[in-house]
Amino acid sequence: MSMNDKEYVIAIEPKNQNACNFVGTREDSGLCQLTILQNEGMLPEHTLFEIGCGALVGTIPFVRYLNKNKYWGVDPNEWLRQDSLSVVRNQDILEKNPVFYSNSDFIPENKRKYDYIFAHSIFNHAANWQWESFLDKITSHMKKTTTIIVSVLFSEGNRFGNAGSKQDVWTEWKAQGVIWVDGKPKGDGKGAVAWKSKDFFKDTCSSRGLKCEIVEGHTRFYTKFKPNECHDWIRITKELI
């Protein structure tokens, strides 16, 4: 697959334009995310759990790439995926039997262990304790060989456009942006970011027997196609002793 394989991308039409505006990503963002997972070794026969599937910008490429019955996703904003699935050109993914949950706990509502776990941008809004709660719960869904790929924003910033922040401790969820749809607000406030330090991610993982690696190459690749999406990327795996 290459960034020119447009058959994988989400179709954006008036029916799901508001949903895509809310999440702030477009077709090539989804291709970038799929490419990152492929570069991490994800094959069609692997299982994937996505945290924050949103308007399905990344989900649709993932499901089209994966074999049937291999995808699970969670996002509390059910309207986002409903809007994208109302577009006929996106409905083919339903033939692959993707499973969606609507909780806000970042975890699947099953006992399955996954080959890959993926989260793009969601933890940019999470409180520090929410990240630690996620780690505590997600380990039961990890095999010895599971790879977790997460985009974050380091408080130290990066050389690709993340300016960073002096504050790296956040005690509550930072609001996502609001858009107006049919005269009603969608979202919970002015968009904000909860930056966290590199040491925070490494230390919280290490204390749970997990290895956290910073993957600058993913940032370099992603910003080549989406310069304004300057996220940092981390890879989390189990420490094999």
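Every number in this text was worked out from the coordinates using simple rules, so none of it is lab data. Predicted, not measured: the structure shown is a model, and the values here were computed from it. Cβ placement follows ideal geometry from the backbone for every residue including glycine, while neighbour counts extend to all protein chains displayed.
Summary table below
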quantity: Two-decimal Rg to Rh for the chain - Kirkwood Rh, Cα set; calculated: 0.93
quantity: Cα centre as origin, Lys/Arg/Asp/Glu Cβ charges: region 6-238 dipole, Debye; calculated: 380
quantity: Relative packing of 139-152, 200-213, 72-85, which averages over residues the other C-beta atoms within 10 Å, highest first; calculated: 72-85, 139-152, 200-213
quantity: The chain - Cys residues lacking any other Cys C-beta under 4.7 Å; calculated: Cys20, Cys32, Cys53, Cys230
quantity: For Gly164, residues with placed amide H under 5 Å, excluding near neighbours; calculated: Gly157, Asn158
quantity: Arg64, Arg220, Arg26, Arg89 arranged by Cβ crowding within 10 Å, fewest neighbours leading; calculated: Arg89, Arg220, Arg26, Arg64
quantity: Gain upon complete extension [Arg235, Lys68; 0.36 nm per residue less C-alpha separation]; calculated: 57.6 nm
quantity: Sorted by Cβ neighbour density within 10 Å, fewest at the top, the residues Ile60, Ile93; calculated: Ile93, Ile60
quantity: Long pairs among Lys196/Lys238; Lys198/Lys224; Lys6/Lys96; Lys70/Lys111; Lys68/Lys211; Lys111/Lys226, criterion Cα-Cα beyond 26 Å; calculated: Lys68/Lys211; Lys111/Lys226
quantity: Stretch gain in nm, segment Glu13-Glu213, where the contour uses 0.36 nm per residue and the Cα spacing is subtracted; calculated: 68.2 nm
quantity: Potential extension, Ala163-Asp5 segment - 0.36 nm per residue separation minus Cα distance; calculated: 53.7 nm
quantity: Amide H contacts of Val152 (H built 1.01 Å from N, under 5 Å, at least 5 apart or other chain); calculated: Asp232, Trp233, Ile234
quantity: Prolate/oblate/rounded label for region 40-145 (Cα gyration tensor, a/c 1.5); calculated: oblate
quantity: For region 210-227 versus region 3-46, the gap between their alpha-carbon centres in whole angstrom; calculated: 16
